[in-house]
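Asker: Below you will find the structure I want to go over with you.
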Amino acid sequence: MSRFVFVLGAGASCDAKAPLASNFMDKARLLLRGGSLSGQDVPAFDLVFKAREALKAAHSKACLDLTDIEALFGAFEMASLFGRLGSLSEQEVDCLPSAMRRLISRTVELSMEFPVLPSPSIERMASHRYHGRSGPYPMILPAANYESFAKMLASIARGQLRNVSVITFNYDLGSDYAFHFAGMPFNYCLEPAPNAALDLLKLHGSLNWGRCSRCKTIVPLDIPRCVEETPIQDPEKVNIEVSQRLGLLQHCGFPLPLEPVIVPPTWNKGMYHAQLGHVWKKAAAHLSEAEYIFIIGYSYPSTDEFFRYLYALGSIGEGWVEKIIVFNPDSAVGGRFRGLLGPLVAGKFIALTNTFEQAIPYIQNLNLS
């Protein structure tokens, strides 16, 4: 298991313009109004916003944060279980979870930017801190700060990638593509795999994961195929729209549906256990052996009690924790994590208001021998 465990949240991707929970619906509304959505996206977005309007009626009797994508996702999942939501028809309520997943995947894809290296000019290569590759051009580079993150992990691992693992709550491909670009093999751990690679554990699913409609097996679209047909129309940046290519995958003799595996950020994840159980077990095992735990850009929202239990049960083990460091610009986040920790590790906890970009050099300057 890993000595060094990194836990990433949405704050790690926001510099690449990926949405946060607090501004997710604003970005989705801009996409809907801006006309950049495909014809199949528009009905899904419209249904989600219609359901959000229906939830406003609950304000007089209950407190729901309608600006928070995680609270909305959880409410819609529960509505589908109850079979009702305000004036929505039963068919609309049944379709709501699928519509929400489409809104989430398309909003992330169309918001998050990956830099482009148009040509191998010295100036461009220097400005992107890019070295040693020989085309083809134009070339898609890792998203903001993720290339530095991948290089830092390679340095910490010292040739032993099994010493490092990444647990992430993000659906995007920021870390995935950075590791691929840096030549670092990684495992999603959707099924048992050798330990020669870095474990990248995406607890809430991923934009490039499809699920067989027959046997429910999760099948990832590999990163080269995610980017190989991405059109580069802007010389500076590109969006990787991978969810629209899941049909390239087949399982049980049929193409996979164009709906990525996206798990709601609520405590009740039992229905996803059969598909993601091995990923969660791996995450718990890594936490049980970790000496250093770095939590970057994850705010530990009250809607995700899953992490409380993951940490509490996963940290049971013989591992000797040296440090737990939380990096988040929101100073209140440190207090939430402090309330999670027991007396044996409370004295080893540090909460900093560093961004993802600032966290990388801070960690590099630590004595992690």
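The values are calculated or read from the model by the stated rules, or taken from the named source; none is laboratory data. No experiment lies behind these values; they were computed from the predicted model shown. Virtual Cβ from ideal backbone geometry, glycine too; neighbours counted across all protein chains shown.
Asker: Report yes if ALA143 is without any contact (Cβ under 8 Å) to a residue 40 or more places away in the chain, buried (at least 22 other Cβ atoms within 10 Å of the Cβ) and either touching a strand residue (DSSP E or B) at 6+ places or on another chain (Cβ under 9 Å) or closer than 20 Å to ILE363 by Cα (or both), otherwise no. Write out each step before concluding.
Answerer: Values: without any contact (Cβ under 8 Å) to a residue 40 or more places away in the chain: no; buried (at least 22 other Cβ atoms within 10 Å of the Cβ): yes; either touching a strand residue (DSSP E or B) at 6+ places or on another chain (Cβ under 9 Å) or closer than 20 Å to ILE363 by Cα (or both): yes.
No: the conditions fail for ALA143.
Asker: Residues of the range 175-200 being buried (at least 24 other Cβ atoms within 10 Å of the Cβ) and in contact (Cβ under 8 Å) with a residue 60 or more places away in the chain, which ones?
Answerer: Selection gives SER175, TYR177, ASP199.
Asker: Restricting the search to the range 157-179, which residues are part of a helix (DSSP H, G or I) and either touching a Lys or Arg at 6+ places or on another chain (Cβ under 9 Å) or at pLDDT 95 or above (or both)? Spell out how you get there, then give the answer.
Answerer: The initial filter retains those residues of the range 157-179 that are part of a helix (DSSP H, G or I), namely 157, 161-163, 174-179.
The answer is ASN163, GLY174, SER175, ASP176, TYR177, ALA178, PHE179.
Asker: Moving on. Starting from the range 111-129, take each residue that is outside the structural domain of LEU30 (by TED's automatic domain parsing) and part of a helix (DSSP H, G or I) and list its partners that are among the hydroxyl-bearing types (Ser, Thr, Tyr) and at pLDDT below 65, counting only C-beta distances under 9 angstrom and pairs at least six apart or across chains.
Answerer: ARG124/TYR130
Asker: Here's another thing I want to ask about it. When you scan the range 13-29, do you find a residue that is among the aliphatic types (A, V, I, L, M), part of a helix (DSSP H, G or I), farther than 24 Å from PHE356 by Cβ and outside the structural domain of LYS282 (by TED's automatic domain parsing), even just one? Talk me through it step by step, then tell me what you get.
Answerer: First, the residues of the range 13-29 that are among the aliphatic types (A, V, I, L, M): 16, 18, 20-21, 25, 28.
Next, from what is left, pick out any that are part of a helix (DSSP H, G or I): 16, 25, 28.
Of the ones still in play, those that are also farther than 24 Å from PHE356 by Cβ are none.
Checking the range 13-29: not a single residue is among the aliphatic types (A, V, I, L, M), part of a helix (DSSP H, G or I), farther than 24 Å from PHE356 by Cβ and outside the structural domain of LYS282 (by TED's automatic domain parsing).
Asker: Any residue in the range 286-300 that is assigned to a helix (DSSP H, G or I) and at pLDDT below 80? Give the derivation first.
Answerer: Step one: list which residues in the range 286-300 are assigned to a helix (DSSP H, G or I), which gives 286-289.
Going one step further and asking which of them are at pLDDT below 80, we end up with none.
Scanning the range 286-300 turns up no residue that is assigned to a helix (DSSP H, G or I) and at pLDDT below 80.
Asker: Still on this structure, please answer the following. Residue by residue through the range 343-365, note down the ones that are free of Cβ contacts under 8 Å to residues at least 24 places away in the same chain and assigned to a loop (DSSP other than H, G, I, E, B). Before the answer, list the steps.
Answerer: Our first condition is that a residue be free of Cβ contacts under 8 Å to residues at least 24 places away in the same chain; within the range 343-365, this holds for 343-344, 346-347, 361, 365.
If the condition is that a residue be free of Cβ contacts under 8 Å to residues at least 24 places away in the same chain and assigned to a loop (DSSP other than H, G, I, E, B), then GLY347, ASN365 are the ones that fit.
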